[in-house]
Amino acid sequence: MKIVACIKQVPDTTDVRIDPETRTLVREGVESITNPFDEYAVEEALLTKEKYGGEVHVVTMGPPQAVEVLKNALAVGADYVYLISDSAFAGSDTWATAYTLAQAIKKIGGVDLVVCGKQAIDGDTAQVGPGVATQLGIPQLTYVSKVREVDVEKGSVVVERMLEDGKEVVQSSLPVLITVVKDINEPRLPSLLGIKKAAKAEIPTWTVEDLALDKAKCGLEGSPTEVVRVFTPEPRGGGEILEGEMTDTIPLLIDKLMEAKVLK
Amino acid sequence: MARLLIDEEACTGCEACVEECPYGALEMKGDVVTVNEKCTFCGACVDICPVDALTLEKEEKEAPGVDISEYKDVWVFIEHKGGKIANVSLELLGEGRKLADALGCKLSGMLLGNEVESCAQEVITYGADTVYLTESPVLGHYRTDSYATGALNLINKYKPEIVIFGATTQGRDFAGTVATKIYTGLTADCTGLDIDPETKLLRQTRPAFGGNIMATILCKKHRPQMSTVRPKVFPMPGKDDSRKGEIILEPLPIGEDDVRTKILDFVQEAETVNLADAEVIVSGGRGVGGSDNFAIIRELADVLGGAVGASRAAVDAGWIPYEHQVGQTGRTVRPKIYIACGISGSIQHQAGMKTSDIIVAINKDPEAPIFKIATYGVVADLFQAVPMLAREFRKRLAK
């Protein structure tokens, strides 16, 4: 079974900076981590491989330093990793990102299962997973909290999806793209051997040319959306600390909450 | 529309383009290739063809998508379950009305489902002029394939200028697919929508990085302009039962066999967790100290008619299931009242709740970061304060 996990490097801190010129995020100089949801995606890919056999490929799209998240993926057991990086990708919105990732997955070829985190913690859009599936022309199962079974022979997968009000059990044909929620597994820690192996690994970089991409659909130019203004919201000021004995503060708090006219 | 032209004389039937096509839009008919409606004119086949048998009509390729002047009206995707329209869709009808009035155009609902005509009438009473309705047994439950096909059929035919969706699990799954297929922009989780008075473009404002920055986003050259909006960002509009509108029916162009997924079962949550819809959320954190102790959190939530939330610490400790987790790796919520009990208020937790209207913090550590964002703070032991709140509220609310 051929499994691809898509991962993203995101800033670790909430101390983000915006380039005032391009109005895009400045990623240099901020400590970076693998998007937490993508760690569940990599783990699910590894678990699926361990259960059904096959190989795990991990791709990330980003600047050269995004190679670090691929090293982490190698250290926990990914078989192949690829960095998709080109100055032409700069400023990609979710459409252009999905287009680019889909081309990379096509280049890997013969993929049965694509696993993504449900969303990234920086952009929070949850749009790239469905975008990649649509670009690939394969079905998608989003918000997956459990993969019940995969049957490569029959080309079928059954998963549980975590919706607002319950769990939906769905079957899909393969190949399929799933996006996973945190509850799905417990990501493993890298082994010492894995870390050593990852440190020495030569990681291939794929560019616009390598992926035979239409440049008009990449980066800023290929992105239908355009960020025209970025601003810091008014900080939510600290409110009122109700001082005193609880016999006073609790009724006071209730008075204040009743004023909001929400409680009936 | 752009067109993919196939030179049948030149085609050698090598099938390279069939392999290459990302959309499954090319098929062999005898010795030559043919194109079906799945084609998005991406040009992948043109580049791969060894004998130049494929061309895209050129002038169409130059334009990134569309003649934007052909697109008009504001549409709201109507999400529903069991014959009931989701509140977020009604809220969006209220906001959509404002956008339509600002543009001087019509507001329409896009309704897909099976036997949902009663919903169509309701969409009109909440402010729509038109409902585009596609009904089919294939649309009995939301599935990406069938709903996206139905929506694309409507959008391609009637060309709305703006389409807005609820940022629910369904809305995000759906909108992401539709926007990708059309090659248009989609802005997630907008908290502000308005029309630029000069350009008439939809200004879409959204938080990013856990609400640390706000971005205003435009979609200038592609149509429709598409956004998702979370529940309860906009107020519920009033209802006018006398309102009249038009219902336009369109058939679904596919059958059950064309849908690649099948719903086998739905397991309703034993405890209603629906944090997204809750007006009041009472959350417990590390300070709660154990799963049994969550009873007092639940009790207060019950009295207030609210839902129970939790911090990551409480979920990771195994005191309460993940479905309740609020924060960066859990759910993002925006209730009218959020009561944080024994939650210190890490940046990650704040990312999931700091846009709540009123935040109440109950914590015995006066230095806890949660107090910095709380509307009202009580420095107290939650084991005393929370049951007392429940008791007092029960009296006040006469329950």
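Being aliphatic (A, V, I, L, M) and either more than 7 Å from chain A (Cβ to nearest Cβ) or assigned to a loop (DSSP other than H, G, I, E, B) (or both) is a description that does not apply to residue B:215.
Quick grid of which residues meet (1) in contact (Cβ under 8 Å) with a residue 12 or more places away in the chain; (2) not hydrophobic (A, V, I, L, M, F, W, C):
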site: B:268; (1), (2): no, yes
site: B:304; (1), (2): yes, no
site: B:307; (1), (2): yes, no
site: B:318; (1), (2): yes, yes
site: B:325; (1), (2): yes, yes
site: B:332; (1), (2): yes, yes
site: B:337; (1), (2): yes, no
site: B:342; (1), (2): yes, yes
site: B:347; (1), (2): yes, no
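Exactly one residue out of B:370, B:263 is outside the structural domain of residue B:388 (by TED's automatic domain parsing) and not hydroxyl-bearing (Ser, Thr, Tyr): that is B:263.
Rundown of residues vs (1) within 8 Å of chain A (Cβ to nearest Cβ); (2) polar (S, T, N, Q), yes/no style:
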| site | (1), (2) |
| --- | --- |
| B:173 | yes, no |
| B:185 | yes, no |
| B:189 | yes, no |
| B:199 | no, yes |
| B:229 | no, no |
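Checking A:263, A:213 one by one, the residue that is assigned to a loop (DSSP other than H, G, I, E, B), within 11 Å of another protein chain (Cβ to nearest Cβ) and within 30 Å of residue B:180 (Cα to Cα) is A:213 and no other. Which ones in the range A:208-252 are among the β-branched types (Val, Ile, Thr), out of contact with any helix residue (DSSP H, G or I) (no Cβ under 8 Å at 6 or more places or on another chain) and surrounded by fewer than 18 Cβ atoms within 10 Å (Cβ to Cβ)? Correct list: A:228, A:232, A:247. Of the helices (runs of 4 or more DSSP H) contained entirely in the range B:295-399, those carrying at least 3 residues that are among the basic types (Lys, Arg) and on the phi < 0 side of the Ramachandran plot fall at B:382-396. Listed by first and then second residue, the pairs with beta-carbon distance under 7 Å, at least 6 apart or on different chains, first residue in the range A:62-74 and in contact (Cβ under 8 Å) with a residue 60 or more places away in the chain, second of a type in the set (Asp, Glu), form an empty list. Close contacts from the range B:189-207, counting a first residue that is touching a residue at least 12 places away in the same chain (Cβ under 8 Å) and a second that is outside any strand (DSSP E or B) and aromatic (Phe, Trp, Tyr), with Cβ to Cβ under 6 Å and a gap of 6+ residues or different chains, come to none at all. Filtering the range A:187-210 to residues that are of a type in the set (A, V, I, L, M, F, W, C) and in a helix (DSSP H, G or I) leaves A:192, A:193, A:195, A:198, A:199.
Just so you know, in the range B:258-281 the residues that are of a type in the set (A, V, I, L, M), under 27 Å from residue A:171 (Cβ atoms) and modelled with pLDDT under 95 include one that is surrounded by the most Cβ atoms within 10 Å (Cβ to Cβ), and it is B:276. Only one of the listed residues (A:189, A:113) is surrounded by fewer than 22 Cβ atoms within 10 Å (Cβ to Cβ), more than 8 Å from every other protein chain (Cβ to nearest Cβ) and among the aliphatic types (A, V, I, L, M). That residue is A:189. When each of B:279, B:246 is tested for being over 26 Å from residue A:138 (Cβ atoms), touching a Pro at 6+ places or on another chain (Cβ under 9 Å) and among the charged types (D, E, K, R), the lone residue that passes is B:279. Kindly evaluate residue A:120 against the criterion of being out of contact with any strand residue (DSSP E or B) (no Cβ under 8 Å at 6 or more places or on another chain) and either closer than 29 Å to residue B:327 by Cβ or of a type in the set (Ser, Thr, Tyr) (or both). No: the conditions fail for residue A:120.
Scanning the range B:74-97 for residues being farther than 22 Å from residue B:135 by Cβ and either free of Cβ contacts under 8 Å to residues at least 24 places away in the same chain or of a type in the set (A, V, I, L, M, F, W, C) (or both) gives a total of 1.
In this structure, does residue A:94 turn out to be facing chain B (nearest Cβ under 10 Å), of a type outside the set (Asp, Glu) and under 24 Å from residue A:213 (Cβ atoms)? Judged against the criteria, residue A:94 is a match.
Taking the conditions exactly as written (surrounded by 20 or more Cβ atoms within 10 Å (Cβ to Cβ), within 24 Å of residue B:18 (Cα to Cα) and either in contact with a helix residue (DSSP H, G or I) (Cβ under 8 Å, 6 or more places away or on another chain) or not β-branched (Val, Ile, Thr) (or both)), does residue A:73 satisfy them or not? No, not satisfied. Could we say that residue A:44 is closer than 20 Å to residue A:160 by Cα and in contact with a helix residue (DSSP H, G or I) (Cβ under 7 Å, 6 or more places away or on another chain) here? Yes: the conditions hold for residue A:44.
With respect to residue A:78, is the statement that it is under 15 Å from the mean Cα position of the chain (by Cα) and at pLDDT 95 or above true? In short, no.
Filter the range A:48-94 down to residues that are among the acidic types (Asp, Glu) and outside any loop (DSSP other than H, G, I, E, B) and give me whichever is nearest to residue A:9 (Cα to Cα). Out of the qualifying residues, it is A:68.
Listed by first and then second residue, the pairs linking a residue in the range B:104-125 that is at positive phi to a residue that is aromatic (Phe, Trp, Tyr) and in a helix (DSSP H, G or I), with Cβ atoms under 7 Å apart and 6 or more places separating them unless they lie on different chains, form an empty list.
The values are calculated or read from the model by the stated rules, or taken from the named source; none is laboratory data. All figures in this text were calculated on a predicted structure; none of them were measured in a lab. Please note: Cβ atoms are built from the backbone with ideal geometry, for glycine as well, and neighbour counts cover all protein chains shown.
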